[in-house]
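Read-outs: derived from the displayed coordinates by stated rules, not from any lab. Keep in mind it's a predicted model, so treat the numbers as computed, not measured. Neighbour counts are summed over all protein chains in view; Cβ atoms, including those assigned to glycine, are modelled from backbone coordinates with ideal geometry.
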Amino acid sequence: MLIVMQSAATPEQIEAVCRRVTTLGFRPHAIPGAQRTAIGITGNQGAVEPAAIEELPGVAEVILVSKPYKLVSRDLKPDTTVLRFPGHGATIGGKELAIVAGPCSVETREQTFATARAVRAAGAHFFRGGAFKPRTSPYAFQGLGKEALQIMADVRAELGLLIITEAVDEHSLELVDEYADVIQIGARNMQNFSLLKMAGRARKPVLLKRGLAATLEELLMAAEYVMSEGNYNLALCERGIRTFTDHTRNTLDLSIVPAVQRLSHLPILVDPSHGTGKRNKVAPMARAAVACGADGLLIEVHPKPEEALSDGMQSLYPEQFAALMLEVEQIAPILKRTVAPALGAVPAGVGV
Ligand code: PEP
Ligand code: MN
């Protein structure tokens, strides 16, 4: 059920409705929108009686939501969610495209800073590097863990980039919540429900990647897990799904972008790096992602992809990333989007 408050409802009236919902044994989620606040109700103890709410001051209407997901639905919040970061102008879900770039894995301090300087100069405002890597083989590089988080914290301090990195379990989630600006939940964990619940109780925004074989509804239900625990700062990411094709690592399902935008207020990024697995296909699919209305891009970049400890085949050279950004800048205005000016070049040697 969804309670739509009148646009003139006071904070006290919203508070009183939330108290009533709690008294009835449910959990209220007050989500402010551009025009009005809506209060989503969660709890698994049956339906709420609308009459118990309808008459309260400030309530405009009570709507029964038939979809299995409630809080992620556009019914709750007609305007797209914008993730904001205190002290930074960059957003995810705003008019400006969110440009997220970095190496698959943080390998060394030098490689991390070299990549960060390059993507910063080309226009990325978010730096994404892997500290905890979910690898298919237990013998493959598993990430530097906490050491990588510290290197990325230094990147933020010295280069002003916002940090996104993946948590793979409850221990790493605690650390990522402490060090990073955005907690990534990867494709393999999209239905790790205890991890999703923990991310829902974290302080930082969450970037939730679509599972390898997840339907749209499964993706939205996974997002619902995070929101139902009280973390409303959440973005989705299409990263390709498993199909019978073998010319790419995954099949990048761009049609999910307008499908998500129709049903949900959550922003959605596109990751053409994992979505294709092949360097020569990353830029074309990144251009297509912007053209179909994605809220941003997640791109893997490595100064020496041939030496990368993970995902070198799909990592762009820094010059390729810079060229792509120039193209994205030209496509964005057609979609009434913009690309924030690059933070600029930083003298070599900073942070290393
Ligand atoms: C990653 O982002 O490096 C990653 C492992 O992605 P995914 O979860 O989409 O496979
Ligand atoms: Mn990767």
How large is ³J(HN,Hα), in whole Hz, for each residue of region 61-73 in order, when computed from phi with the Karplus curve 6.51 cos²θ - 1.76 cosθ + 1.60 and θ = phi - 60°, using x for Gly and Pro?
7, 10, 10, 8, 9, 8, 5, x, 9, 10, 6, 7, 6
Rank Leu83, His29, Leu56 by how far each Cα sits towards the positive end of the charge dipole of region 12-86 (+1 on Lys, Arg Cβ; -1 on Asp, Glu Cβ) and give me just the farthest.
Leu83
Divide by every residue of the chain the summed helix terms, -39500 (n - 2.57) for each DSSP H run of at least 4, and state the resulting mean residue ellipticity at 222 nm, rounded to the nearest 500 deg cm²/dmol.
-10000 deg cm²/dmol
Kirkwood Rh and Cα-based Rg: tell me the resulting Rg over Rh for region 214-352, rounded to two decimals.
1.00
According to the Kirkwood expression over distinct Cα-Cα pairs, how big is the hydrodynamic radius of region 107-254, in Å?
15.9
Rg to Rh for region 182-293: what is it, with Cα atoms only and Rh by Kirkwood?
0.97
Under 5 Å between amide H atoms, partner at least 5 residues away or on a different chain: which partners does Glu166 have, H built in plane at 1.01 Å?
Ala131, Phe132, Gln184
Sorted peptide list for 310-318, 293-301, 262-270, criterion being average Cβ within 10 angstrom, highest first:
293-301, 262-270, 310-318
Starting from the amide H of Leu208, placed 1.01 Å from N in the peptide plane, find each other amide H under 5 Å away whose residue is 5 or more places distant or on another chain.
Ile185, Ala235, Leu236, Cys237
Excluding residues fewer than 8 places away in the same chain, name every one of the aspartates and glutamates whose C-alpha is closer than 15 Å to that of Lys133.
Glu107, Glu147, Glu166, Asp169, Glu170, Glu300, Asp311
Please name which of Ala101, Val176, Ala286 has its Cα lying farthest along the dipole of the chain towards the positive end, using unit charges on Cβ (Lys, Arg +1; Asp, Glu -1) and the Cα centre as origin.
Ala286
Taking all pairs of distinct alpha-carbon atoms in region 1-140, Kirkwood radius in angstrom
18.5
Enter the Cα centre distance for the pair region 177-242 and region 112-162, rounded to the nearest angstrom.
19
For region 47-179, give me the percentage of DSSP beta bridges that are antiparallel, rounded to the nearest 5 percent.
25
Dimensionless Rg/Rh of region 44-95, both radii on Cα and Rh by Kirkwood, sits at 1.13
Starting at 0 and stepping by 20 Å, how many percent of the alpha carbon pairs of the chain end up in each bin?
31, 55, 14, 0
Which loop GluC sites (Glu not before Pro) in region 48-84, with loop taken from DSSP, have no more than 16 other Cβ atoms within 10 angstrom of their Cβ?
Glu55
Which distance in Å, rounded to a whole number, links the C-alpha centroids of region 245-271 and region 274-349?
16
Which three lengths, in whole Å and largest first, does region 258-335 cover when its Cα atoms are put on their principal axes?
41, 24, 16
Whole-Hz ³J(HN,Hα) from phi, Karplus 6.51 cos²θ - 1.76 cosθ + 1.60, for region 95-111, glycine and proline x
5, 7, 5, 8, 10, 10, 8, x, x, 4, 10, 6, 10, 9, 4, 5, 4
Which whole number of Å³ per residue matches the convex hull of the alpha-carbon atoms in region 220-278?
83
